[in-house]
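Down below is the structure, laid out as C-alpha cells.
Each reported figure results from applying straightforward, stated rules to the coordinates on display, with no laboratory input. Keep in mind that this is a model prediction, so the values were computed, not measured. Ideal geometry is used to build each Cβ from the backbone, glycine not excepted, and the neighbour counts take in all protein chains shown.
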Amino acid sequence: MKEYMPLGDRVIIKYDIPEEKTQGGLYIPASVNKEGKFTGTIYAIGDKCELNIKIGNRILFVRPGVPVGKEEEGLMLLDSKDVGVLVVE
C-alpha cells in the first residue's frame, strides 16, 4: 500500500464501512445506511493540524471527504474542522 501524508490542517482517515445484517442473514450495504454516522480511524495527520489527535484514534466526522488511493483501502482526506468527536473507549 502507498503511503500518504496530508498537507496543512488535513487528516487522512480509514473510514468504517458499516454493514447491517438482517434476521435472514442478508447484508445491507453502507449506501442504504440511514443513520448518517460517519466513523473512522486516524491514519495520517497534516503538519498544521491543531487537533489533539493521534494516529490510531477513533473519530466521528461530520461529512465525507475526498477518497484517497484505491477504494478497497478505505482512505479519505478530511479537513480537520470536519472531525467532530474523538471516541474514547
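Quick rundown of the values:
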| quantity | calculated |
| --- | --- |
| Theoretical gain in end-to-end length, E73 to Q23 [0.36 nm per residue, Cα-Cα removed] | 15.1 nm |
| Set K2/K48; K2/K70; K2/K54 screened for pairs whose C-alpha atoms are more than 18 Å apart | K2/K48; K2/K54 |
| The range 47-89 - Rg (one decimal) and Dmax (whole number), Cα, Å | 11.1, 29 |
| Peptides ranked, highest mean first, by Cβ atoms within 10 Å: ranges 78-87, 38-47 | 38-47, 78-87 |
| Length added when fully stretched, Y4-R63, from 0.36 nm per residue minus Cα-Cα | 19.2 nm |
